Amino acid sequence: MMKKQPYLYRLSAGIATMFLSLAISQAQEFRNNAKAFEKPFELSADSLIKLGNVPSFEQIKASIANPILDKLKLQNVNKKTLSPPEIYKKALESTVVVGSAYLCPRCSKTHIMNATGYIIAEEGIVVTNHHVVEGYLSLEKENKPMGLFVRLSNGKTYPVKEVIADSKQNDLAILRLDSKDKFPALPLSKGAQVGDDAYVLGHPRGMYYFFTKGIVNSKFQEMGGDAQDRFYYDVMAISADYAAGASGGPVLDQYGNIIGTVSSTRTLQYSDPNKSVQMVLKTTIPVESLSRLLNKS
């Protein structure tokens, strides 16, 4: 037995070294978000604007007023359960930063107001919120809109060519990128059940590609519109965290399929003089609403 110990020791040490090397190889870097995303996005958008190949504000505005949605080739639903890191890696490739570029009256620098979106078709079809596109259009009031852009996690930036579908009622907008490249796309599920896992990837408050996990809390209808035009729309509440900047981001199930789109939050308060916060309701647009919008073509 004593003669075998050196061999066993060497074997154990070798296995330990192998796992240590694997752990080191899988370690993720700590990004400087401003340097990794914000500044490069501004510079690349500015370069595209100067080249003159960016669809104008008027073109984007005209497309949202009269969107044309053709039949899209969507991805097949994934049926294999993925680990959270695998879901993150899969979503990372297809989740984008949606940026509204503009010039302010005080300087000549290109500014970008960022939100989130995700790709659903390889020809460059991106889903985001209606209110994200509406935010770009509203820039005209005080600033000079210069273009609507999308940046992938690999650093590539593309102009948005047009809005091909839009629903103010469901807070959804579908964009087509101005490119002939093929893009990694996320599949759409048939819908989630209350209690299912829910994962969110987005860019809350400049924290780019922030990944959270929760569950589906509820599926219900809310009333929208004004006094002259009331309507009900479908809502899916989840417990995965997100904040401003994550608007339009993907909500995924345990297979990496889309089950919803991040939309808004609402603080529920106790009605006493101090109005203490009791919970934050995180409302998303369920994939069923997106599927209905896509099937209008």
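The values are calculated or read from the model by the stated rules, or taken from the named source; none is laboratory data. In this text the structure is predicted, and so the values were computed from the model without any measurement. A quick note on method: Cβ atoms are made from the backbone with ideal geometry, for glycine too, and the neighbour counts reach across all protein chains shown. Surface accessibility is based on the protein's heavy atoms, side chains included, excluding ligands, DNA and RNA. Shrake-Rupley method; radii C 1.70, N 1.55, O 1.52, S 1.80 Å.
What is the number of the single condition among (1) crowded, with 16+ Cβ neighbours inside 10 Å; (2) part of a helix (DSSP H, G or I) that TYR158 does not meet?
(2)
What pairs come out if I take residues in the range 242-269 that are within 22 Å of GLY99 (Cβ to Cβ) and pair them with residues that are open to solvent by 40 Å² or more (accessible area, probe 1.4 Å) whose C-beta lies under 6 Å away, six or more apart or interchain?
Filtered contacts from the range 242-269: ALA243/ARG205; GLY245/ARG205; THR265/VAL280.
With the requirement that a residue be within 15 Å of ASP253 (Cβ to Cβ) and either among the acidic types (Asp, Glu) or in a loop (DSSP other than H, G, I, E, B) (or both), what does the range 86-111 give you?
Listed by number, the list holds a single entry, GLU86.
Among the residues of the range 279-291, is any in contact with a Gly (Cβ under 6 Å, 6 or more places away or on another chain), touching a residue at least 12 places away in the same chain (Cβ under 8 Å) and hydroxyl-bearing (Ser, Thr, Tyr)?
Within the range 279-291 (the criterion being in contact with a Gly (Cβ under 6 Å, 6 or more places away or on another chain), touching a residue at least 12 places away in the same chain (Cβ under 8 Å) and hydroxyl-bearing (Ser, Thr, Tyr)), the answer is yes, since at least one residue qualifies.
LYS89 versus (1) under 17 Å from TYR118 (Cα atoms); (2) touching a Leu at 6+ places or on another chain (Cβ under 7 Å): which is the lone unmet condition?
(2)
For the range 186-204, check the following and say yes or no: at least one residue is open to solvent by less than 50 Å² (accessible area, probe 1.4 Å), on the phi > 0 side of the Ramachandran plot, free of Cβ contacts under 8 Å to residues at least 24 places away in the same chain and not hydrophobic (A, V, I, L, M, F, W, C).
The answer is yes, given that some residue of the range 186-204 is open to solvent by less than 50 Å² (accessible area, probe 1.4 Å), on the phi > 0 side of the Ramachandran plot, free of Cβ contacts under 8 Å to residues at least 24 places away in the same chain and not hydrophobic (A, V, I, L, M, F, W, C).
Determine, yes or no, whether GLY245 is modelled with pLDDT of 95 or more, open to solvent by less than 40 Å² (accessible area, probe 1.4 Å), within 28 Å of LYS61 (Cβ to Cβ) and not in a strand (DSSP E or B). I'd like the intermediate steps shown before the answer.
Numbers: modelled with pLDDT of 95 or more: yes; open to solvent by less than 40 Å² (accessible area, probe 1.4 Å): yes; within 28 Å of LYS61 (Cβ to Cβ): yes; not in a strand (DSSP E or B): yes.
Considered against the rule, which asks whether it is modelled with pLDDT of 95 or more, open to solvent by less than 40 Å² (accessible area, probe 1.4 Å), within 28 Å of LYS61 (Cβ to Cβ) and not in a strand (DSSP E or B), GLY245 comes out as yes.
Filter the range 260-297 down to the residues that are basic (Lys, Arg), open to solvent by 70 Å² or more (accessible area, probe 1.4 Å) and assigned to a strand (DSSP E or B) and list them by number.
Our first condition is that a residue be basic (Lys, Arg); within the range 260-297, this holds for 266, 275, 282, 292, 296.
After this cut, where a residue has to be open to solvent by 70 Å² or more (accessible area, probe 1.4 Å) as well, the list is 266, 275, 292, 296.
ARG266 - this is the single residue of the range 260-297 that is basic (Lys, Arg), open to solvent by 70 Å² or more (accessible area, probe 1.4 Å) and assigned to a strand (DSSP E or B).
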